[in-house]
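The values are calculated or read from the model by the stated rules, or taken from the named source; none is laboratory data. Computed from a predicted structure; not experimentally measured. Using ideal geometry, Cβ is built from the backbone for each residue, glycine included, and neighbour counts are taken over all protein chains shown. Keep in mind that these areas ignore ligands, DNA and RNA; they rest on the heavy atoms of the full protein, side chains included. Shrake-Rupley method; radii C 1.70, N 1.55, O 1.52, S 1.80 Å.
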Amino acid sequence: MVDYRIDRHSGVATYVQIVQQTKLALRLGLLAPGDKLPTAREVVEATAVNPNTVLKAYRELEREGLVEARRGLGTFVQRSLGTTPADSPLPAELEAWVSRARAAGLEREDVAALFTSVLETYYPAGPPGAGPAPGPPAAPGPTPAHRTEPPKTSQGDPS
C-alpha cells in the first residue's frame, strides 16, 4: 500500500506528487501488478486533498498504462517500473554509501549533489524513452582534488 505524503510548499502540483510517489513505489517494488491502489476516499482522508485531485492523478497513471480503474472495484496496478531484481545488492550498497557519506559529515544537499553529478555522468538527460547511456564514460585520471601524490614538476626532473 502506498502512503502518500503531500508537500504543500514544494511548488509541485498535488496530483503530480501522487503520480510521482506512485511511480516511485512501482520502481522500488512496493507496488506490483495486481495490487490495489488506495481509494480516492482513503487518500483524501490521509492527506486532506480534494478527491478530484486524486482522481486526476489516477487518470494520469491510467493514461500511462500503469494502472487500470475497474468500476466498483478500485484502481489496480497493471505493470511495474522496477527493473532491479529483488535479490540485488544495489540497494544495500547505496545505503552503505549514504551511511559513509553521513559519517564523513556530508549534509543531505552534499550527498544529493554528488549523487546527481554521478547520475548525470552515466545517465545524461535526453529525450524521454532514450534509455541509459550505452556505457560508462572512460575513467579519467584522478582530479586535482583526489590526487594521492603531489604532481610532478619539470624542475629537478632529469627526464
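The table below gives the values:
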| quantity | calculated |
| --- | --- |
| Label-point separation in nm, residue 23 to residue 112, each point 7 Å along Cα→Cβ | 1.8 nm |
| Inter-centroid distance (Cα atoms) of the stretch 57-80 relative to the stretch 1-21, Å | 17 Å |
| Simple label model, 7 Å out from Cα along Cβ direction - residue 16 to residue 101, nm | 2.4 nm |
| Candidate residues 62, 109: accessible-area rank, largest first, probe 1.4 Å | 109, 62 |
| Residue list for the stretch 7-32, given a label point 7 angstrom along the Cα-to-Cβ vector of residue 125 and an amide N cut-off under 20 Å | 10-13, 16-17, 20-21, 24 |
| Convex hull (Cα only) mean projected area of the stretch 1-56, reported in nm² to one decimal | 3.7 nm² |
| Contour excess over end-to-end distance, with Cα ends at residue 30 and residue 6 and 0.36 nm allotted per residue | 6.8 nm |
